[in-house]
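Peer 1: Quick one: the structure is below, and I'll ask about it shortly.
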Amino acid sequence: MRRVVVLGGTAEARELARLLHDDPRFSVLSSLAGRVANPRLPVGETRIGGFGGPSGLAAFLADEGVNALVDATHPFAATISRNAALAAEATGVPLLALVRPEWTREGDDAWTGVPDVAAAARVLGRRPGGRAMLTTGRQDAHEFARLDDWWFLIRVVDAPSGPLPQRHALLRDRGPYTLDSERALLSQNAVDVLVTKNSGGDLVSAKLAAARELGVEVLMIDRPPRPSGVPAVPTAAQAYARLVSEL
């Protein structure tokens with residue numbers, strides 16, 4: 001039986017865990033960072049919490065007798081992806097990245113690309129004001145706290161802990177979302193600009209189609225760079241097939 005650790009928290013990670021759990025040749029452990037209060041849990045063995053940096057992860061891999069490590073974390077979880085690469089290099093444990101494809105511009109999309117959340121806030125700060133919808137996550141809402149000329153609809157799973165913009169409404173919700181509901185949300189709140197990370201995937205992509213239909217500008221935040229030299233696949237099925245062929 002081959003021991004596989006899946007660094008998860010994504011739909012792709014849950015699907016890979018299911019595939020491995022159903023295969024008697026594998027023993028799978030899914031690890032979640034614990035940043036969401038009530039995460040969707042995969043089937044099989046699960047741990048929640050950090051490792052204590054790359055050295056802690058390396059020690060865990062050695063102690064657990066891990067045969068392969070899969071980084072199936074969110075595309076913006078740059079720290080754990082970097083730690084995984086360092087730990088894999090230190091231990092010699094094979095590392096595979098499961099990375100969903102980025103969203104790409106379509107048709108009448110009015111996208112403005114920015115390198116990070118702080119840059120998105122600077123773009124809005126140079127404008128006279130308006131109404132924006134933030135879907136960047138609870139840890140980034142503070143970047144917009146000083147933009148008093150703007151009103152924000154902030155959609156998050158868990159409530160933000162840092163400072164928030166003076167004028168805002170907080171919407172606690174979790175996808176998947178439909179085109180009809182996203183169109184209604186943007187229209188009812190008279191949103192001028194949608195601020196989002198290029199996380200990819202289908203669960204929350206309806207907001208982009210709704211923005212396209214309504215002519216709403218999208219500030220699209222680029223993904224952080226991934227560690228070099230790590231093989232990557234876009235789907236859980238391909239990750240599973242690769243693990244079957246190489247372990």
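Peer 1: Could you check, for the stretch 30-46, whether at least one of its residues is farther than 19 Å from Arg226 by Cα and in contact with a Phe, Trp or Tyr (Cβ under 6 Å, 6 or more places away or on another chain)?
Peer 2: No, the conditions are met nowhere in the stretch 30-46.
Peer 1: Okay, moving on. Count, please, the residues in the stretch 168-215 that happen to be touching a His at 6+ places or on another chain (Cβ under 8 Å) and of a type in the set (D, E, K, R).
Peer 2: Residues meeting the conditions: 0.
Peer 1: Follow-up question, since we're still on this one. Looking at Val216, Val191, Val204, Val195, can you tell me which residue is outside the structural domain of His74 (by the TED database), within 15 Å of the chain's Cα centre (by Cα), in contact (Cβ under 8 Å) with a residue 40 or more places away in the chain and more than 21 Å from Pro39 (Cα to Cα)?
Peer 2: After ruling out the rest, the residue left standing is Val195.
Peer 1: Then there is this: Scan the stretch 171-183 and tell me whether some residue there is among the aromatic types (Phe, Trp, Tyr) and out of contact with any strand residue (DSSP E or B) (no Cβ under 9 Å at 6 or more places or on another chain).
Peer 2: yes
Peer 1: Out of the residues in the stretch 1-21 that are open to solvent by less than 50 Å² (accessible area, probe 1.4 Å) and more than 19 Å from the chain's Cα centre (by Cα), which is farthest from Asn67 (Cα to Cα)?
Peer 2: Leu19
Peer 1: Mind counting the residues in the stretch 219-230 that are closer than 18 Å to Ala68 by Cα and open to solvent by less than 50 Å² (accessible area, probe 1.4 Å)?
Peer 2: 2
Peer 1: A follow-up question, please. Being among the small types (Gly, Ala, Ser) and over 20 Å from Val157 (Cα atoms) is true for just one of Ala33, Ala13, Ala77, Ala88. Which residue is that?
Peer 2: Just one listed residue meets the conditions, Ala88.
Peer 1: Say whether the condition of being within 17 Å of Val6 (Cα to Cα), touching a Pro at 6+ places or on another chain (Cβ under 6 Å) and at pLDDT 95 or above is met by at least one residue in the stretch 205-222.
Peer 2: The answer is no, given that none of the residues of the stretch 205-222 is within 17 Å of Val6 (Cα to Cα), touching a Pro at 6+ places or on another chain (Cβ under 6 Å) and at pLDDT 95 or above.
Peer 1: Just give me the residues in the stretch 55-87 being assigned to a loop (DSSP other than H, G, I, E, B) and either open to solvent by less than 20 Å² (accessible area, probe 1.4 Å) or in contact with a helix residue (DSSP H, G or I) (Cβ under 6 Å, 6 or more places away or on another chain) (or both), in sequence order.
Peer 2: Val66, Ala72, Thr73, Pro75
Peer 1: Something else now. Determine, yes or no, whether Val43 is without any contact (Cβ under 8 Å) to a residue 40 or more places away in the chain, more than 30 Å from Pro160 (Cα to Cα) and aliphatic (A, V, I, L, M).
Peer 2: no
The values are calculated or read from the model by the stated rules, or taken from the named source; none is laboratory data. Quick caveat, the model's predicted, so the values are computed rather than measured. Neighbour counts are summed over all protein chains in view; Cβ atoms, including those assigned to glycine, are modelled from backbone coordinates with ideal geometry. What goes into the accessible areas is simple: the full protein's heavy atoms, side chains included, and nothing from ligands, DNA or RNA. Shrake-Rupley method; radii C 1.70, N 1.55, O 1.52, S 1.80 Å.
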